[in-house]
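The values are calculated or read from the model by the stated rules, or taken from the named source; none is laboratory data. Since this is a predicted model, take the numbers as computed values, not measurements. Methodologically, a virtual Cβ is constructed for each residue, glycine included, from the backbone with ideal geometry; neighbour enumeration extends over all protein chains shown. In case anyone asks, the SASA skips ligands and DNA or RNA and just uses the protein heavy atoms, side chains included. Shrake-Rupley method; radii C 1.70, N 1.55, O 1.52, S 1.80 Å.
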Amino acid sequence: MSDPRTGPDPEAQALARQMRRPASPEPGRAAAPSALEHVEGWGMAVGAPSRVLRPRNLDELRAAVVQSQRDGATIGPRGSGCSYGDASVNQGGRVVDTSRFGRILGFDAATGVAELEPGVTIKDLWQHILPKGYWPKVVSGTMFPTAAGAASMNIHGKNNFAVGTFGDAIREFDLLLASGEVVTANREQNSELFHAAIGGFGMLGLFTRIVLETKKVHSGEMEVSAISTRNLGEMMAHFEQQKSTADYLVGWIDCFGKDEQLGRGLIHVGRYLKPGEDPTPERTLTVEHQELPSRILGVFPKSEVWRLLAPFCNDFGMSLINRSKVWSGMLEARRKPYRQSHAGFAFLLDYVPNWKWAYGKGGLIQYQSFVPKETAHAVYTELLKHCHWRGITPYLGVFKRHRPDPFLLTHAMDGWSFAMDFRVTPENREALWKHCSELTDIVLSGGGRFYFAKDLVLRADQARAMFPSDNLERFLALKQEYDPAGLFATNLWRRLFASA
Amino acid sequence: MTETASPTGPRTLAIPPRPPDLQGIPVGERRAIVVGASSGMGAALVRQLAREGYQVAALARRAGELETLKAELEPVARAAGGAVTVRAVDASDAGAAPAMFEELVLGLGGLDLFIYAAGVMPKLERTEYPTDKDLSVLDVNCAGLVAWGNLAAHLFTTQRRGTLVGISSIAGDRGRKGFPVYCASKAFMNTYLEALRNRLSEVDVHVCTIKPGFVDTAMTQGMKGLFWLISAEEAARQILSAARKRVNTRYVPGRWFFVGTTIKLIPSFVFRKLNF
C-alpha cells in the first residue's frame, strides 16, 4: 500500500473503483448470510441446489421469511440436516438453516427445565446440563440434531418405551408463522398447534424458542448389560421382560440370519445409577469424562475409519461384519454388567465420524417401520424373509420398543420399530424403491407407520393410509389455516401430502 | 427468482427419476455453465457441449452474439437431448454474479461443469502504461474469475461433485514485455485455480487449468508470427478431453508443454533479452 501521507486519498480510490464497476443491483440485501448450496439428506440419496439462509436471531429469521415471501419462494426448514431422507431438502425453493440461531437462553438447575433457541444441538444441551446433574430426557443416536429439528421430527431414543418422544419432554415453544407472527403454544394454550407442530416436520412454522424438561441423573455413567439373542422371538421376549426395570433398551439385528436364526442379534440394556451407586459423581458428571476417544488404539484417527469400512460395504463384507458382531455379542453377553458414560451409550452413530461415506456416492436410506405389538412379530419376520427373497438385505438392523404419544402425526405406538439401512447405488435404486414399496405394503397391512426423519421411499397413498384419517385431516386443516399460501414446503411435503 | 416446483403440483411417484446413461455420462449429470461464451474458445465449448446433449448456459457481455449462437445451436442441442440458455452479463460484475448463478443453477437443477472462458487482452504499445486498460484486464480475468469461481467452488463443495475449468494462458508462465498485466492476470488465474484444486480435492471435485497456445480467435486476429495455430473448435475438444481425464494443467495443444517448460527454465537475465 502507498504511504498514507503521500498516497492517493483512499476515498477517492474507492470512488474510482466504484465508477469502474457498476454497482450490484441490491448489495447485501439478505439480512442473514446466504449462499447457493447443494442441500442433501443425511443419507446422501437425495439432494437439490437451494439458496441457504442462515439467520442468527429472530430478526434475521423473520427477515428471511419476509424476503422469501416477497420473492415468491418457498422455505424448507432445516436444522443440522440429520434427517436421512428429504425432510429438509426443498428443491426449487429456499432452505432456512436455523443451526446458527442457537443460544441456550436459560437452565434452571432446580427443576431441570431448559430454554433453548432453535439451533441448540443435543450436544450443546448435554454439555451444558450434565455438570449440573442433568441429562436430556430423549436423545437420538447422534448428538448433532438441533432442538428445532428434534421437535419438528418428534425424534425418539432408546428409551421411547419408558419416557416417550422428544415432544413429550417439551413444555412450551414459540413458533414463527408464515404471517410473521410469533405464537406461544403449550398443552393448555394453542394446544392443537402444540400437538401438530411437534412432529409436523416444519410445515406449520419455524420454532424460535423451545422449553424442554430434562432428567436428574446421579452419575455420568450408566449400568449396561448385553443379552445375546438367537432370533427375533427371543429378542422380543427379552425386551418385554426387561421393559419394566430398564431405562434404555436397544436391539441390534443381524439381518443376514436365516431360518431359526432369523432376527438373531444383541440387546443392550441401560439403567441409570441410583444416588450413591457412583462413588465419584463429581468426576463422571464432567464433559471430559463423556468424550468419545478421537483415536482408535491411541493412534488411528477416528475420522479416517470410514475408509476401512468402505471395502466391506457389500453383501459379502457386511454379512461377515454382522456375523462377527453376533459372535462378539455372545462373548459380551457373558460379561457382568458394566459402566458406560451417557454419551458413550447414547451416541452410537457418532463413534465413527462420517461412516455414511463408506456407503459410497449413492448414499444410503434407512427404512424404519413402526408396528403394533400384536402384529410385530409376524410383520418383521415377513420383512426379513422378503429381503432375503429379493436379495436386498439391510446392512444394519436396529430394534426398539415404543409407546403411544398425543402428537397428531406421531410415528410412535404401543409396539416396536425396526430400522434397516440399505445401500443405494445408481444401479439398485429402482429395484430398492420397489422393494421398499413391497415392504411398506406388508407393514401397512399389519397396521404399521413410518417416521419422517428417516423416510425417502413412501408414496402419497401409503402415507395417507398410515395415519388415523382424522389426524391427517386435522393436520392438513391446520396447515391451511396457518400457512394458506404454502410458504413452508419440503420435498417430503410435496412427495406425501401436497396433493392431498 | 423463479419457483420450479409448485407445492400443489401433482407428484405422486416416490422414485426420483433417473434417466439412463448416454455416452458414459448420465443425462442428469450434463449441466454446464460457460462464462465468456460469445466468441472464441467459449463459443466453441458451448457448441461442443450442446452437441453432446448438455444443458448449457452460455454467458457473455454481448447479447447479440449470444442470440446468434443460441439460434445456431438450438436444433443441434434439442436433437442431442440438451438445451442452450443464454444470458447477457458482464463477467467482471461481481455483484451480479450470485443472483445470476442461482437462477441458472436452479434452472438447470444442479451443476456438473463450470467453465470460465472470459478473458481480455487489449492491444498495447511497448512504451504504453495505460492504467485504466490494465485494471479492466484485471476486472475480467481476475475479479470475474474469483466472483464466479467462488460460487461454483462453494456449490461443488456441498455437492462433493463437479468440474471447474479455467482458461488461462501460456502467457501466465512468465512476465513478458508485450503484456505485463495480461501475463500477471494469467499467473493469478494459475495460482488461484491451483489453490481451488487443492481445496476441492478433499471433496473429489476437480479443477482443471487450461493454458492455450495460439488459438485462432478474435484475440489473435492480426497478430504476427503465430505458429502451431489451432482452431477454437479443436481447442474446445482438447479442453473438454483434459477436464474429463481430470488433468490438473493442460497446455492446448499439448506440445506447448515443452515450450512452456523451456520458457520457465530460461534465466531472467537471458529472458529479458528475448523479444516476445
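See the values below:
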quantity: Magnitude of the charge dipole, segment A:221-464, Cβ model with Lys/Arg +1 and Asp/Glu -1, debye to 20; calculated: 340 debye
quantity: Magnitude of the charge dipole, segment A:343-500, Cβ model with Lys/Arg +1 and Asp/Glu -1, debye to 20; calculated: 340 debye
quantity: Segment A:190-264 and segment A:367-430: distance between their alpha carbon centers, rounded to Å; calculated: 14 Å
quantity: Magnitude of the charge dipole, segment A:345-405, Cβ model with Lys/Arg +1 and Asp/Glu -1, debye to 20; calculated: 80 debye
quantity: B:CYS183 - accessible surface, heavy atoms, 1.4 Å probe, Å² rounded to 10; calculated: 0 Å²
quantity: Derived scalar couplings ³J(HN,Hα) [segment A:212-226; Karplus, 6.51 cos²θ - 1.76 cosθ + 1.60; whole Hz; x for Gly, Pro]; calculated: 10, 7, 10, 10, 5, 10, 10, 7, x, 10, 10, 9, 10, 9, 10
quantity: Cut-off under 5 Å, modelled amide H: who pairs with B:VAL252 long-range; calculated: B:LYS211, B:GLY213
quantity: Positive-end extreme of charge dipole, the protein assembly as shown - chosen from B:CYS208, A:HIS218, A:THR142 (charges on Cβ); calculated: B:CYS208
quantity: Those GluC sites (Glu not before Pro) in segment B:25-80 that DSSP places in a loop and that have at most 11 other beta carbons within 10 Å; calculated: none
quantity: Per-residue average of Cβ from other chains inside 10 Å of A:81-91; calculated: 1
quantity: Label-point separation, A:GLU277 to B:GLU29 (7 Å along Cα→Cβ), nm; calculated: 5.2 nm
quantity: Between segment A:322-336 and segment B:227-249, the Cα center-to-center distance that results, in Å; calculated: 58 Å
quantity: Quotient of Cα Rg and 2.2 N^0.38 Å for the protein assembly as shown, N being how many residues it contains; calculated: 1.08
quantity: Selection from A:SER88, A:HIS435, A:PHE312, by position along the positive dipole direction of chain A (Cβ); calculated: A:PHE312
quantity: Percent carbon-and-sulfur accessible area, segment A:221-464, ignoring ligands, DNA and RNA, probe 1.4 Å; calculated: 57 percent
quantity: Apportionment of accessible area to carbon and sulfur, chain B, percent (1.4 Å); calculated: 57 percent
quantity: Where segment B:71-215 is the region considered: accessible area per residue in Å², 1.4 Å probe; calculated: 38 Å²
quantity: Whole-Hz ³J(HN,Hα) from phi, Karplus 6.51 cos²θ - 1.76 cosθ + 1.60, for segment B:171-178, glycine and proline x; calculated: 4, x, 6, 9, x, 9, 4, x
quantity: Distance (nanometres) between label positions extended 7 Å along Cα→Cβ at B:ALA71 and B:ARG174; calculated: 4.6 nm
quantity: Per-residue SASA entry for A:HIS128, accessible area with 1.4 Å probe, Å² rounded to 10; calculated: 70 Å²
quantity: Charge dipole (the protein assembly as shown, unit charges on Cβ, about Cα centre) - positive-most of B:CYS183, A:THR121, A:PHE488; calculated: B:CYS183
quantity: Average accessible area per residue (Å²) across segment A:121-174 - probe 1.4 Å, nucleic acids and ligands excluded; calculated: 23 Å²
quantity: Full-extension gain in nm, A:VAL287 to A:ARG100, via 0.36 nm per residue minus C-alpha separation; calculated: 65.1 nm
quantity: Range in chain A, longest, excluding exposed trypsin sites (Lys or Arg not before Pro) [loop by DSSP; at most 15 other beta-carbon atoms within 10 Å]; calculated: A:374-500
quantity: In sequence order, calculated HN-Hα J values of segment A:399-404 (Karplus, 6.51, -1.76, 1.60; Hz; x Gly/Pro); calculated: 10, 9, 10, 10, 9, x
quantity: Loop-located GluC sites (Glu not before Pro) in segment A:173-261, at most 11 other Cβ atoms within 10 Å (DSSP); calculated: A:GLU181, A:GLU188
quantity: Cα centroid separation - segment B:119-179 against segment B:63-96, whole Å; calculated: 21 Å
quantity: Accessible area buried, both sides summed, chains A and B with 1.4 Å probe, Å²; calculated: 3100 Å²
quantity: Inter-label distance for A:HIS388 and A:SER445, nm, one decimal - labels placed 7 Å from Cα along Cα-to-Cβ; calculated: 1.8 nm
quantity: Gyration tensor verdict on segment A:292-387 (Cα atoms; rounded if a/c is under 1.5, prolate if a/b is larger than b/c, oblate otherwise); calculated: oblate
quantity: B:VAL120 long-range amide H proximity, modeled H, under 5 Å; calculated: B:ASN141
